[in-house]
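The values are calculated or read from the model by the stated rules, or taken from the named source; none is laboratory data. Just so it is clear, the structure is predicted and the values come from calculations on it, not from any experiment. In this analysis, Cβ positions are derived from the backbone assuming ideal geometry, glycine residues included, and neighbour counts consider all displayed protein chains. These accessible areas exclude ligands, DNA and RNA; they are computed on the full protein's heavy atoms, side chains included. Shrake-Rupley method; radii C 1.70, N 1.55, O 1.52, S 1.80 Å.
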Amino acid sequence: MAHGEVKHDYHLLPPSPWPLVGSLSATVMAIGGVIWMKGMFGLPEGFPWVFFAGLAGVLYTMWGWWSDVIKESKAGDHTPVVSIGLRYGMIMFIASEVMFFVAWFWIFFEMALFHGHRTLSSIEEVRLAWATWPPAGIETVPAWNLPLLNTLILLLSGTTVTWAHHALQQGDRKGTKIGLMLTIALGAVFTMVQVYEYHHILEHKYFFGGEGAEHSGLYGSSFFMATGFHGFHVLIGTIFLAVCLIRLLRGGMTPQKHFGFEAAAWYWHFVDVVWLFLFAFIYVVFGGAGH
């Protein structure tokens, strides 16, 4: 071993600052979040700048680290074995995201399916709060209005991103650009529609007004956490695809080497599928279908 270079398909990375910089930035961001919400270290509640400093460090880490990965690809370091590892990594990441959403579905299903068990409580307020689902006093979001529109938007975006991916595989860069631009535009429209929906919910106090609605906290919390985090994932996916478009416009990606875009497409399809479950169960089946 000492007399010759070891030959293998793995790419051994040189020392990188990004794990350390990313960890420190994430720690600063977490502490900044606590300061922002509660105050800490003599800084008052509502002081956001520590959080944003940490966020800037995280974004800088993402930019630098992923730029290094792209440079490694151009240098030929992404051997077949390394490429498989990148794919496995993306698959495991999406699997972890699936389990994240399972947690929110789980609490919503538990409340929707087994709320009747809580009516056995000896506490009158608990019995009243869980006598029906959705809880009394709640006006649910009409499933066949904005949620249906957003469902159609995401389904259409799934077809455009697939078109773009197939076009790239065939060497049709123009078709790829058009498909990507359409997907990004549809993602942005989805986000705007959801922002309008949230504004409408809060303005008309869907989850907070009406007699008995003081018991509705779990419904509103689970609704906003599930749909809100999905909306956040749509925003991240839109940015992901926008970066792919920028790289494409700058001459990057080929029919043979485009895993960055492939990973973005996987992520976008995951976002699509999660929304279908959200629409079907949270808005329609267990959401009172807007009634």
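For Phe114, indicate whether it is closer than 27 Å to Phe229 by Cα, in the same structural domain as Ile236 (by the TED database), modelled with pLDDT under 80 and open to solvent by 70 Å² or more (accessible area, probe 1.4 Å).
Values: closer than 27 Å to Phe229 by Cα: yes; in the same structural domain as Ile236 (by the TED database): yes; modelled with pLDDT under 80: yes; open to solvent by 70 Å² or more (accessible area, probe 1.4 Å): yes.
Judged against the criteria, Phe114 is a match.
Give segment 168-186 a look and list any residue that's surrounded by 15 or more Cβ atoms within 10 Å (Cβ to Cβ) and either without any contact (Cβ under 8 Å) to a residue 12 or more places away in the chain or not assigned by the TED database to the domain that holds Ile246 (or both), or say none.
Correct list: Asp172 only.
Report, by residue number, each residue of segment 31-46 that is out of contact with any helix residue (DSSP H, G or I) (no Cβ under 7 Å at 6 or more places or on another chain) and either modelled with pLDDT of 90 or more or under 26 Å from Trp63 (Cα atoms) (or both).
Within segment 31-46, Val34 is the sole residue that qualifies.
Which condition does Trp65 not pass, out of (1) open to solvent by 60 Å² or more (accessible area, probe 1.4 Å); (2) without any contact (Cβ under 8 Å) to a residue 12 or more places away in the chain; (3) not assigned by the TED database to the domain that holds Phe259, if it passes all the others?
Here Trp65 clears every test but (2).
Tell me, which residue of segment 223-280 that is of a type outside the set (Ser, Thr, Tyr) and outside any helix (DSSP H, G or I) is most open to solvent (accessible area, probe 1.4 Å)? Steps first, answer last, please.
The initial filter retains those residues of segment 223-280 that are of a type outside the set (Ser, Thr, Tyr), namely 223-226, 228-237, 239-253, 255-266, 268-280.
Filter once more, so that each one left must be outside any helix (DSSP H, G or I): 250-253, 255-258.
Numbers: Arg250: 200, Gly251: 58, Gly252: 18, Met253: 15, Pro255: 49, Gln256: 151, Lys257: 96, His258: 19 Å².
Filtering segment 223-280 for residues that are of a type outside the set (Ser, Thr, Tyr) and outside any helix (DSSP H, G or I), the one most open to solvent (accessible area, probe 1.4 Å) comes out as Arg250.
Please work out which residue is surrounded by the most Cβ atoms within 10 Å (Cβ to Cβ), limiting yourself to segment 145-160 and to residues that are more than 17 Å from the chain's Cα centre (by Cα) and among the β-branched types (Val, Ile, Thr).
My answer is Thr160.
Quick one: which residue in Val21, Val58 is in a helix (DSSP H, G or I), of a type in the set (A, V, I, L, M) and open to solvent by 40 Å² or more (accessible area, probe 1.4 Å)? Quick ask: steps written out before the conclusion?
Working: Val58 fails: open to solvent by 40 Å² or more (accessible area, probe 1.4 Å).
After ruling out the rest, the residue left standing is Val21.
Among the residues of segment 68-93, how many are more than 22 Å from Trp18 (Cα to Cα) and either touching a Cys at 6+ places or on another chain (Cβ under 9 Å) or surrounded by 14 or more Cβ atoms within 10 Å (Cβ to Cβ) (or both)?
The number of residues fulfilling the criteria is 0.
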